[in-house]
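The values are calculated or read from the model by the stated rules, or taken from the named source; none is laboratory data. This one's a predicted model, so the numbers in the text were calculated from it and none came from an experiment. Because the Cβ atoms are built from the backbone with ideal geometry, glycine has one as well, and the counts that use them run over all protein chains shown. Only protein heavy atoms, including side chains, enter the accessible area calculation; ligands, DNA and RNA are left aside. Shrake-Rupley method; radii C 1.70, N 1.55, O 1.52, S 1.80 Å.
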Amino acid sequence: VQAQVESGGGSVQAGGSLRLSCVVAEYGYCRDFVSWYRQAPGKERELVASISYEGTTTYADSVKGRFTISHDNAKSTVTLQMTSLKPEDTAMYLCRTRPQCRAWSGRDFWGQGTQVTVSS
């Protein structure tokens, strides 16, 4: 089964906004811990934000106050709302799911990613 599907990337001017979505398979059953990561050329993969099924959130210092992660459990969707975007936010954004159900416990799933490009 495809664990998740990301969408919402695009090209924007500095200061603009984008909303990324990650639709998670079996979200209500497996109660996944979901994280957004980003990868830029020549740089290490960076954790951007995470949310538990119960709604506990964490953020990288570089995005605090600008990005908000949320979920809609009924729609099995995790959203990353990005505002005040900077050129340094340019990266491939990847949704990682970590199921908490016993059937998939101990395994992480990575999406194909959605590109975010911020121009100055």
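Annotation note: trypsin sites (Lys or Arg not before Pro) in the stretch 78-120 located in DSSP loop regions with a Cβ neighbour count of at most 16 within 10 Å are Arg102, Arg107.
Other residues with beta-carbon under 12 Å from the beta-carbon of Arg45 carry, at +1 per Lys or Arg and -1 per Asp or Glu, a net charge of +1. In this structure Glu26 has an accessible area near 120 Å², from a 1.4 Å probe over the protein heavy atoms. For the stretch 1-71 versus the stretch 91-116, the inter-centroid distance based on Cα atoms is 10 Å. Here, the stretch 68-120 yields an orientationally averaged convex hull projection of 4.8 nm² when only Cα atoms define the hull. Taken per residue, the accessible surface of the chain reaches 54 Å², heavy atoms only and a 1.4 Å probe.
For the chain, what % of the accessible area comes from carbon and sulfur atoms, probe 1.4 Å? Display every interim value, and only then the final one.
Values: 3040 of 6470 Å².
Answer for the chain is 47 percent, counting heavy atoms of protein chains only.
The simple spin-label model puts a point 7 Å past each Cα toward its Cβ; for Glu54 and Ser119 those points are separated by 4.5 nm. Size estimate for the stretch 1-105 follows the Kirkwood approach: the inverse of mean 1/r over distinct Cα pairs works out to 14.1 Å. For the stretch 10-25, the Karplus equation 6.51 cos²θ - 1.76 cosθ + 1.60, evaluated at θ = phi - 60°, returns couplings of x, 10, 9, 7, 3, x, x, 9, 9, 10, 9, 10, 10, 8, 9, 5 Hz by residue, with Gly and Pro reported as x.
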